[in-house]
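S.K.: Got a structure here, written out as structure tokens. Questions coming.
The values are calculated or read from the model by the stated rules, or taken from the named source; none is laboratory data. Small disclaimer: the values here were computed from a predicted structure and weren't measured. Cβ atoms come from the backbone with ideal geometry, glycine included; neighbour counts cover every protein chain shown. All accessible areas refer to the heavy atoms of the entire protein, side chains included, with ligands and DNA or RNA removed. Shrake-Rupley method; radii C 1.70, N 1.55, O 1.52, S 1.80 Å.
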Amino acid sequence: MLNAVAAALLASSIIIPPGAPNETPPPDHITIDIVTINGSGCPAGTAAVAVSEDNKAFTVTYSDYLAQVGVGAKPTDLRKNCQLNLRVNVPQGFTYGIAQADYRGFAHLERGAYAIEKANYYFQGMSQTESLSHRYNGPVSDDWQATDTTEVAAIVYSPCGEKRNFNINTELRVYAGSSNTATTTSFMTMDSTDGNLETTYHFAWKTCP
């Protein structure tokens, strides 16, 4: 009994110090503006950003992000990329990092063909995160998903009190490999015609001292 009481008292006395990771998002709904958008995978007007109602994540939806090789493809179609520069409007007293990113799309790869998805993100004026890549081998014709997770201790946060735009770089590449490009087409998309396949970035929040 004494041990249980002692444990309860200890638990009630734990206080998260200022600046420590805080899973509780700001109470005020945040907004995100697209400052610039560049790349063959996201022509103007083909990317949209939305924040979840609980402020725990934001999504990017593409509508013209497709890399391909083979019949009907141009030589430049084998690689597509997108660079997003975002302004995340965070309430005073909070800052954020990215704990996890989920990338989704659809791939149709003939036997012998393969594709690579690569991405990284960083705050303006700060070092870029390491680009993480995922490979998919044919034959396959299905939705794909890749998840990049950052350890809690390694999460990079925007400096408190400073306005730092958030940059996202993504890339898709499709390689013919041993497939016959004269008779087949292999492709990989990071787009969605119905809004169901979206890229999701999960926030990690901190209170500023």
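S.K.: Work out from phi, with θ = phi - 60° and the Karplus expression 6.51 cos²θ - 1.76 cosθ + 1.60, the ³J(HN,Hα) of each residue of segment 78-86, listed in order in whole Hz, and give x for Gly and Pro.
M.R.: The phi angles translate into 5, 10, 10, 9, 8, 10, 10, 10, 10 Hz.
S.K.: At what distance in nm do the modelled label points of Asp28 and Thr149 sit from each other, each positioned 7 Å from its Cα along Cα→Cβ?
M.R.: Reported label-point gap for Asp28 and Thr149 is 3.3 nm.
S.K.: Can you tell me the length gained on complete extension of the stretch Thr181 to Val35, counting 0.36 nm per residue apart and subtracting the Cα distance?
M.R.: Details: separation 146, 0.36 × 146 = 52.56 nm, distance 3.84 nm.
Between Thr181 and Val35, full extension yields 48.7 nm more.
S.K.: Computed from the mean reciprocal separation of all distinct C-alpha pairs, what Kirkwood hydrodynamic radius does the chain have, in Å?
M.R.: Across the chain, the inverse of the average 1/r is 18.9 Å.
S.K.: So for the chain, if I pair up every lysine 8 or more residues apart or on another chain, how many of those pairs have alpha-carbons under 24 Å apart?
M.R.: 6
S.K.: Mind checking the dipole of the chain: about its Cα centre, +1 per Lys or Arg Cβ, -1 per Asp or Glu Cβ, Debye to the nearest 20?
M.R.: Here the chain has a charge dipole of around 500 debye.
S.K.: With an 8 Å Cα cut-off and a minimum separation of 6 or more residues, compute the relative contact order for the chain in percent.
M.R.: This gives 33 percent for the chain.
S.K.: Moving on. Which order, highest average first, do 131-139, 76-84, 147-155 follow once you tally other Cβ atoms within 10 Å for each residue and take the mean per peptide?
M.R.: Listed from highest to lowest mean packing, they are 76-84, 131-139, 147-155.
S.K.: For segment 31-207, what is the accessible area per residue in Å², given a 1.4 Å probe and the full set of protein chains? Write down the numbers at each step before the final one.
M.R.: Numbers: 8530 Å² over 177 residues.
Per-residue value: 48 Å².
S.K.: HN-Hα J couplings of segment 53-63 from phi, Karplus 6.51/-1.76/1.60, θ = phi - 60°, integer Hz, Gly and Pro as x?
M.R.: Result, ordered by residue: 5, 8, 6, 8, 6, 9, 10, 10, 10, 9, 10 Hz.
S.K.: Points 7 angstrom from Cα along the Cβ direction at Asn89 and Asn137: gap in nanometres?
M.R.: Placing both labels 7 Å along Cα→Cβ, they lie 4.8 nm apart.
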